[in-house]
Amino acid sequence: MTELTIYTAKRVRTMDAGRPVAEAVAVADGKVVSTGTLASMQPWFDKFEVVVDERFKDKVIFPGFIDPHTHFRVSGVFMGLNYIGPIDQQGPRGFNQGISTRAGVLAKLREVDASLSDPDEPILAWGLDPAVQGGQLHRDELDSISTTRPIWTVTYAPHVVVCNSPMLAVAGVDDSTNVYGIERYADGRLNGQFIERAATKIATRPMAKYLSAPGIGVQAIRALAKTAQQAGVTATAEMIFGYLDFETEWAEHREAVLDPDFPLRMYLVSLEARIKGIHGERSADFLLEVQSRNTDKLAFQGVKFINDGSYPAMTLRLRSPGYLDGHEGHRGEDEWQDLVEVMTPYWKAGVQIHSHANGDETIEMTLDVLEQLQRMHPRFDHRFTIEHYCISTPDQARRLKALGGLASVNNYFVHYRALIHAQEGFGPDRAEATARLGSLEREGVVFALHSDFSLVLTPIHPLTAVWIAVNRVATDGSIQAPGERIGVDRAMRAITIDAAHILSRDRELGSLEPGKHADFTILDDDPYEVDPMTIKDIGVWGTVLGGRVFAAGD
Amino acid sequence: MRAFDTLDFLMGAVEAETIQRLRPPPSDAVLPVVLVTGFLGAGKTTLMRRLVSTNHGLKLAAVVNDMANLNLDAALVAQAGADLGVQTLALANGCVCCSRSGAVARTLTDIQAWAALPDYVVLEASGVADPATLAGVAHGMSGVRLEAVVAVVDADRLDLKANSDATRLVARGIGAADLILLNKTDLVTRSRAAALEQVLLDLAPKAAILRTSHCAVPMSLIFAGESRDDAQLLDADVEDDRFATLELRQRRALPRQQVAALIASAPAEVYRAKGVLRLTDTEVPELLQAVGRRWAWTAADTGGEFVGRLVVISSADAGAVASHFAPSFFAS
């Protein structure tokens, strides 16, 4: 007989609005069978061998959190970088405390050296500011940390690379190398410093080779998936699949994701700019054919267009009055006027379209395109999703609803960057109103929250996204556009069932209902019950994926 | 300072390496690249238009950030495309949201795979990308030679005191430049121009600075003549009797440091020097390229009759230039 595992909990939040709360959830063969109480589940007991698992009895069980827009492969390679800069800095590995002294820099490098188990693994460090951290590093100093492990450092403003002796050997540089910018001690020995272009070119190659080595892609996916899992994520979507090379990335994702120890479901949204380069007019057909490779854990999902730049790099496109300093953002590879034509085959073939638009000018253009697609070939439930939706206007939410579109929003910026961009780039009005979730809610648009991890240096932590959505508190404690706050329930939907909807997986994910995957996020407390200002601090015990338990400490 | 600049540089370098590993350049040919940078409105686009529409005999590929920015009228584009063999392309940026320098790497790799390589790639850096970062990544690629970073500066409106991201990027572009065009000098007094030149020199002590209006700059300053027949290049030059091209010949093989010292101490009016030279420390002659007070040695593509010839472009008196380089070089 098949085992039915019943997990008891302090509370089960099903995210099924009709039956929102339970005390237990029953799982068989990796799927949810029932939610309710031990008593209400009784009718199932004849069919199964019942096992009651009490390990979560003091916890709160949610459906597994979903971050529907990440970039593990491309940004994960930078997990190999260690930050040694003077200011607190969000980096690829997460938050880094600033190091104010030279001794501190060396201590950090020593710490990293001690922590690496593979003796050949290099230390790659970035962020040194010679002006405040005691001048440039040099070879003898780095050799004092290790004479066997290659060490590579680059300054914050990436002008100067400094290597230790083993790294000089890797770079193929010795006393006879005669290139302007390779510096020496007074006694003529190389001092490990590389300045100016000609020299940094030589010095940068080894770093680039390390971070592009075969196998690094798999490592990158694994490393960031672990970070995501610790934040309670059980499913995510890679949104520029095929950026480097389609089949190479497919092999990397297969190797990483299909390993039973990999804690996430991964959906792959292919970048149109690459697909069309390979498949031309057959691109939409190709994306339908490639679905034959799908499994429950790793699956192709839609096509991605990118039509402007990014929020923190200030390369998105704004309508009048534009940027504070008058510069203009970027438009993306496809010409805007060609977009209807370019999107049509996907629209007609039923390949879900995810269209990146950060700025309001780009969103307006995207809505115009969606409108034309609708006129030409009307569709309901097409799931056309605007990705990022950072700077928008309330009327755009209304139009989006009328056209049947969805939004996947990076709302982390409201907290992390709204104050910065009030002064730099977007101006106070638009910065304050970043991520207008309240407007989307008022108009009835389905939306999800995402992190874009880790290309825009904000963390992956869905409870923080919820905290920001509900409170909209900036780093100085001020509330940014209070009318754009949403309630806890809506915010929790945006990281569960509505995120599943945006990935067209709401039939199998996003809520705890019979037949859906047994994907859970296990929390120490209930976001619906705590003071909303403490939601981000709720502990994540771990996750469950298809019935397999992953404690956060694993 | 922004973490984005550093990470953009690192990401670009990694992307370039990854792309080149997946798609190695099909030949050993080297692609010369000129990077044009400058703030919005300084005249960068004017310069780009000049470069693509002047009949200098060079096959160009012009890479621009946004096609719309070039705003060439249709007739000009058609003519440039057909007659002058210019290919204008938008920066391939399948991921505009992430690495700018990755986009540069990808575009250059795409061009390297063309059946017929252009003679030069002119790459326009956008107003928000860090030019030093882009230069570093382009320069780091296999089969790419970054010949010069040209910064266009607005003499009328340059203000480096403002504490903004834009100002910081302008300063970075200037700092990274080999050749600075102090443009719109027709709109300012000579004393302002001189004061600005000093500011620019402080930021970029090795750069050559040229006062221009409407970016009217001799093509031979941008595309320092290859060691071949550049009569057409020189013919196409803007009427500018400030400049002269001087051809010097080396008497014998020279120590590398000596040549470097000559460049480093050359008068400010020497803008460019280029030539395939015989050196005492190596069998094979090497190509010297100098812009302003920076130089680089690379493998020479050409040899034969061009070995031993140094072409110097300067606005100084020919005699003064010749005597600076004497006796190692003599005017032919």
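Footprinting exposure proxy ranking of A:His461, A:His330, B:His139, B:His214, fewest other C-beta atoms within 10 angstrom first, gives B:His214, B:His139, A:His461, A:His330.
What FRET efficiency do you get for A:Val530 and A:Phe380 if R0 is 35 Å and r is their Cβ-Cβ distance, rounded to the nearest 0.05? Present the calculation step by step, with values, prior to reporting the outcome.
Values: r = 39 Å, r/R0 = 1.11.
According to the calculation, E is roughly 0.35.
Ranking request for peptides A:116-125, A:265-274: highest mean number of other beta-carbon atoms within 10 Å first, then the rest in descending order. Can you show the working numbers first?
Values: A:116-125: 14.8, A:265-274: 24.8.
Answer by packing, highest mean first, reads A:265-274, A:116-125.
Once a ≥ b ≥ c are taken as the square roots of the eigenvalues of the Cα gyration tensor of the protein assembly as shown, is the result rounded (a/c under 1.5), prolate (a/b larger than b/c) or oblate (a/b not larger than b/c)? Don't skip to the end; give the middle numbers.
Details: a/c = 2.20, a/b = 1.79, b/c = 1.23.
Prolate.
Check the straight Cα-Cα distances from B:Lys161 and name the lysines below 18 Å, setting aside those fewer than 8 residues away within the same chain. Partners found: none.
What is the average number of partner chain Cβ atoms found within 10 Å of a Cβ in B:134-141? Present the calculation step by step, with values, prior to reporting the outcome.
Values: counts 0, 1, 7, 4, 2, 6, 8, 2.
Across the residues of B:134-141, the mean count of other-chain Cβ atoms within 10 Å is 4.
Fewest neighbouring Cβ atoms within 10 Å first, the residues A:Glu513, A:Glu529 line up as A:Glu529, A:Glu513.
Under the definition of partner shielding as Cβ atoms of other protein chains within 10 Å of a residue Cβ, what is the mean value for peptide A:197-208?
On the way: counts 12, 7, 0, 5, 10, 1, 1, 11, 5, 0, 4, 14.
Mean shielding count: 6.
Among beta bridges from DSSP that stay inside chain A, the antiparallel ones total about 45%. Please work out the Cα center distance from the range B:305-319 to the range A:448-502, rounded to the nearest Å. Using only Cα atoms to place each centre, the spacing works out to 63 Å. As a rough footprinting exposure proxy, the listed residues A:Tyr389, A:Tyr346 were ranked by other beta carbons within 10 Å of their own, and the order from fewest upward is A:Tyr346, A:Tyr389. Between A:Thr148 and A:Val342, the distance separating the two model label sites (each 7 Å from Cα on the Cα→Cβ line) works out to 5.3 nm.
Measuring between their Cα centroids, the range A:47-85 and the range B:248-296 lie 60 Å from each other. Modelled this way, with points 7 Å down the Cα-to-C-beta line, the labels at A:Glu508 and B:Asp317 are 8.4 nm from one another.
With each run of n ≥ 4 DSSP H residues scored as -39500 (n - 2.57), what mean residue ellipticity at 222 nm is computed for the protein assembly as shown after dividing by its residue count and rounding to the nearest 500 deg cm²/dmol? Display every interim value, and only then the final one.
Values: 31 runs with 290 residues, N = 886.
Taken over the protein assembly as shown, the calculation gives -9500 deg cm²/dmol.
Between A:Ala125 and A:Asn82, A:Trp152, A:Thr153, A:Val154, the built amide H atoms are under 5 Å apart, and every one of these is 5 or more places off in sequence or on another chain.
Would you tell me the mean number of C-beta atoms belonging to other protein chains that fall within 10 Å of each C-beta in A:322-330, as a whole number?
Working: counts 0, 5, 3, 10, 5, 9, 8, 5, 12.
So the per-residue partner count for this stretch is 6.
If I take every Cα pair under 8 Å that is 6 or more residues apart in chain A, average their sequence separation and divide by the length, what percent do I get for the relative contact order? Display every interim value, and only then the final one.
Working: 1212 pairs, mean separation 94.3, N = 554.
Normalised by residue count, the contact order of chain A is 17 percent.
Neighbours of A:His461 by Cβ distance under 10 Å: Lys/Arg scored +1, Asp/Glu scored -1, total 0. Using a Förster distance of 45 Å, how high is the FRET efficiency between B:Ala193 and B:Ala115, based on the Cβ-Cβ distance and rounded to 0.05? Calculated transfer efficiency: 0.50. Cross-link list A:Lys57/A:Lys297; A:Lys276/A:Lys401; B:Lys59/B:Lys274; A:Lys201/A:Lys304: which exceed 25 angstrom alpha carbon to alpha carbon? Cα-Cα > 25 Å for A:Lys57/A:Lys297; A:Lys276/A:Lys401; A:Lys201/A:Lys304; rest within. In the structure shown, the pairs A:Lys10/A:Lys31; A:Lys31/A:Lys348; A:Lys59/A:Lys226 are assessed against 26 Å; a Cα-Cα span above that value is assigned to A:Lys31/A:Lys348.
We did not get these values from a lab; they are worked out from the coordinates using the rules stated. This one's a predicted model, so the numbers in the text were calculated from it and none came from an experiment. In this analysis, Cβ positions are derived from the backbone assuming ideal geometry, glycine residues included, and neighbour counts consider all displayed protein chains.
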